[in-house]
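In what follows, a single structure is set out as structure tokens and then discussed.
No value in this document is a laboratory result; all are computed from the given coordinates. The model shown is predicted, which means the values in this text are computed figures rather than measured ones. Cβ coordinates were reconstructed from backbone atoms using ideal geometry, including for glycine residues, and neighbour counts include every protein chain displayed.
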Amino acid sequence: MTGAAGVIATAAPLSHGLPALWRGDAKILILGSLPGVASLRAAQYYAHPRNQFWPLMQQLFGIAVTLPYPERLLALQQAQVALWDLIAAAERRGSLDSAINPASIQCNDFSQLLSQLPELRAVWLNGATAAKTWQKLMKNGLQLSPQVQVFALPSTSPAHAALSFEQKLRAWQQAYQQAMA
């Protein structure tokens, strides 16, 4: 395929997400869109040093950001929080969600995971792309128990600078309070 200037256009590389992190007693499932380059290189959720996910988890659940990654994951599971991403794979150059080729999106299969989380109370969607992708899954027939609340939350990504950390924290705290009420 060639572009207007005769340059060969190549597809963006296919990025693959990380495996789900969960225990059967999870009450909250946090879903991002697709891990960025730093996270994929490190094979760690929210590995970019400016991503505010782990500082938010510290404020919400007392999980120290200074803990080694495996210990943070264990603490998150002990707090009854599960992690995954909506997108299993997609073409994307770089880390921005806006660079994801919508036609290339392959979503994770949530039916099986949701069936194994009987205590689930809330799904937290980390950012606008996660919220849009979730809506598509729901329109395509994904079944969610009526007692599970869904919250579209501000992105923890460093690219989402429209809100301060304190504003994001308030939104995430409100979701926690409503989910656990």
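Pick out which of THR133, THR66, THR156 has the largest mean-square fluctuation in a Gaussian network model of the chain, springs linking Cα atoms closer than 10 Å.
For the chain, modelled as a Gaussian network with Cα springs under 10 Å, the answer is THR66.
Looking at the calculated P(r) for segment 6-165, what percent of the C-alpha pair distances fall above 28 Å?
For segment 6-165, the share of Cα pairs beyond 28 Å comes to 19 percent.
Using a Förster distance of 25 angstrom, determine the FRET efficiency expected from the C-beta separation of GLU166 and GLN78, and round it to 0.05. Show your work: numbers first, answer last.
Working: r = 26 Å, r/R0 = 1.05.
Efficiency computed from Cβ-Cβ geometry: 0.45.
Net charge around GLY36, counting only other residues with Cβ within less than 15 Å of its Cβ (Lys, Arg = +1; Asp, Glu = -1)? Kindly include the intermediate steps, with their values, before the conclusion.
Values: positive: ARG41, ARG50, ARG92, ARG93; negative: ASP85, GLU91, ASP97.
Neighbourhood net charge equals +1.
What ³J(HN,Hα) values, in whole Hz, does the Karplus curve 6.51 cos²θ - 1.76 cosθ + 1.60 give for segment 21-27 when θ = phi - 60°, with x put for Gly and Pro?
10, 6, 10, x, 9, 4, 9
For the chain, set up a Gaussian network in which alpha carbons nearer than 10 Å are linked by springs, and say which option among SER95, SER111, SER33 fluctuates the most.
SER111
Report the full-extension gain for the segment GLN174 to GLN58: residue separation times 0.36 nm, less the Cα-Cα distance, to one decimal in nm.
Values: separation 116, 0.36 × 116 = 41.76 nm, distance 1.55 nm.
Full extension from GLN174 to GLN58 adds 40.2 nm.
Near the amide H of LEU142, under 5 Å away, which other amide H atoms are found, from residues 5 or more places off or on another chain, if H is placed in the peptide plane?
none
Sum -39500 (n - 2.57) across every DSSP H segment of at least 4 residues in the chain, then divide by the residue count to get the 222 nm mean residue ellipticity, nearest 500. Can you show the working numbers first?
Working: 6 runs with 59 residues, N = 181.
Roughly -9500 deg cm²/dmol at 222 nm, from the helical runs in the chain.
Please give me, ordered by residue number, the trypsin sites (Lys or Arg not before Pro) of segment 32-73 that lie in loop per DSSP and have at most 13 other Cβ atoms within 10 Å. Before the final figure, lay out each step's value.
Working: sites: ARG41, ARG50, ARG72; in loops: ARG50.
Sparse-neighbourhood loop trypsin sites (Lys or Arg not before Pro): ARG50.
Amide H of ILE30 versus every other amide H placed in the peptide plane: which residues, excluding those fewer than 5 positions away on the same chain, fall under 5 Å?
Hits under the 5 Å cutoff: ALA82, LEU83, TRP84, TRP124.
What relative contact order, as a whole-number percentage, does segment 14-180 give when Cα pairs under 8 Å and 6 or more residues apart are counted? Before the final figure, lay out the partial values.
Details: 268 pairs, mean separation 49.4, N = 167.
So the answer I get is 30 percent.
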